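See structure below.
The values are calculated or read from the model by the stated rules, or taken from the named source; none is laboratory data. Remember, it's a predicted structure, so these values are computed and weren't measured experimentally. No Cβ is skipped: glycine too gets one built from the backbone with ideal geometry, and neighbour counts run over all protein chains shown. Heads up: the accessible areas ignore ligands, DNA and RNA and are worked out on the full protein's heavy atoms, side chains in. Shrake-Rupley method; radii C 1.70, N 1.55, O 1.52, S 1.80 Å.
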Amino acid sequence: MSTSVPMPAVKSHAALYRRVTLRVAPLVLLLYFIAFLDRVNIGFASLTMNRDLGISDTLYGLAAGIFFLGYLLFAVPSNSALARVGAPRWVSFLMVSWGIVGCCTAFVHGPKMYMVLRFLLGAAESGFLPGIVFYLTRWLPGSARAGILALLYLAIPLSSVVGSPISAGILRMNGAYGLAGWQWLFLLEALPAILLGLAVPWLLDAGPATATWLSEDERVSLTSAMEAEAAAVPSSGSADRVPVTLVVALSCTYFMLMIGLYELGFWTPRLIASYGVGLRWLGWLNAVPYAVGAAVLLPWCRWSDRHGDRRLSLVVSFGCGAMGMILAALGGSLVLCVVGLSLAAFGVFVSMPVFWAASSQRIAVAAAALAIAIINSVGNVGGFIGPYVTGWLLARTHDYRAGLLATAAALIIGAFLAGAIFTRRRKVLEAGA
């Protein structure tokens, strides 16, 4: 069974899909920008915070990863709540919650409370990304979804392109009004989540049915296109049952991808700083790999939507991510390190929207909310394992190469899994669903 989808439907509705994308995507991009910035700003905070709080490399990796234990436990119930109460109200609640946790992190006095707050931050953010992915499935058919998902995931590289220089600048506020630089970092980057979260119920449409900027004919066109695609591309399992075997396979693939993502998010600032780069230039150099990822994200996903071969897109991008990690590990110079991280960022960032576009096409709409939450929460355990293993290896080898090479191995495994799952014929993967 081909993973590509009928192209005529995409072309005949192209103007409508573009209008929906341009109206919906900017806001969700902004929301995810804030979410991801609050999630990974510990990479910069750790440059001074670890010394102040007595946090070792191993403990830092554990604290970075414990975020995902909260994520794992609360993602499924959170997404179920979103499906019941609607995206606007639930996203508002989540953003205010994690903003408060972020502000509290500025006033921790030791590793134990810091670990607790990282867990709570994971719990608060757990329902956001799977909820937004599910929310976007209500707006466009899967054949046109990689583009809007690419705009959503553009928030990840932008959070570092924009956030890295800002974070480095905030760290230089050390001592202002009696607060350390890392305390200012947590405070100033958490407040936008609270303020924007309070405004979300008035900014976010629940779906096409409540969108006053759509005409009745446009609502009917969107609904018809999604229903036609669901009929043309049979999903795995029954209409309301989660396809267990397929979801397990997708979760394993996403697990490998998240190891790559959070290796970049949590360790890149420290890796670049290990070459003797000071705060004045660290923010700008840290932004380079993310700028590369941002530049190629939209063109790659548009290409994936046009040719429809999700399998090829994913295998190539996972492979590029692995090669980038190897180059960063073995290059031996700051220049080659940044080049390798840029290649890795390209591979990791373009994989995410294509993965979700391909995955959501294989699962019935009625089961999508639960399936997406499971894949995202289980897959994000990689965000716990990856940073912790890198910290453990760094403490024992005093070298970043082992962690980078382990991450490359995970991405290679992910490439093989993607090639097996999104094959042109349904195989044994769905037999157990």
Table column - 3J(HN,Hα) (Hz), the range 181-197, Karplus curve with 6.51, -1.76, 1.60, x for Gly and Pro: x, 5, 5, 4, 4, 5, 5, 6, 8, 8, 4, x, 5, 5, 5, 6, x
Karplus-derived 3J(HN,Hα), 6.51/-1.76/1.60, for each residue of the range 249-266, Hz, glycine and proline x: 5, 5, 5, 5, 5, 5, 4, 5, 5, 5, 4, x, 4, 8, 4, 5, x, 9
Formal net charge of residues neighbouring P353 (Cβ-Cβ distance under 11 Å; K, R +1; D, E -1): +2
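Skip the ligands, DNA and RNA, and give the accessible area per residue of the chain with a 1.4 Å probe, whole Å². List each step's numbers first, then the result.
On the way: 16090 Å² over 433 residues.
Here the residues of the chain average 37 Å² of exposed surface.
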Relative compactness, the range 10-83, computed as alpha-carbon Rg over 2.2 N^0.38 Å: 1.68
Ranked by how many other beta carbons lie within 10 Å on average, peptides 79-89, 114-124 from highest: 114-124, 79-89
Rounded to whole Å, sorted largest first: equivalent-ellipsoid semi-axes of the range 149-298, Cα gyration tensor: 40, 23, 15
Computed P(r) (all Cα pairs; the range 274-433; 10 Å bins; percent): 10, 33, 35, 17, 5, 0
Cα lying deepest toward the dipole's positive end in the chain, options A168, L203, Y388, charges on Cβ: Y388
Hydrodynamic radius of the range 373-417 per Kirkwood, over alpha carbon pairs, in Å: 11.3
Answer label, with Cα extents along the principal axes in Å calculated from the coordinates and candidates (1) 59, 45, 35; (2) 66, 49, 43; (3) 195, 59, 36: (1)
Accessible-area composition of the range 252-316, carbon plus sulfur, in percent [1.4 Å probe]: 68
Packing-based order for 354-363, 60-69, 170-179, using average beta carbon neighbours within 10 Å, highest first: 354-363, 60-69, 170-179
Cα coordinate range in the range 68-135, projected on the principal axes (Å, largest first): 38, 20, 15
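Can you give me the % of accessible surface on the range 1-149 that is carbon or sulfur? Probe 1.4 Å, all protein chains present, nothing else counted.
Ligands and nucleic acids excluded, carbon and sulfur give 70 percent.
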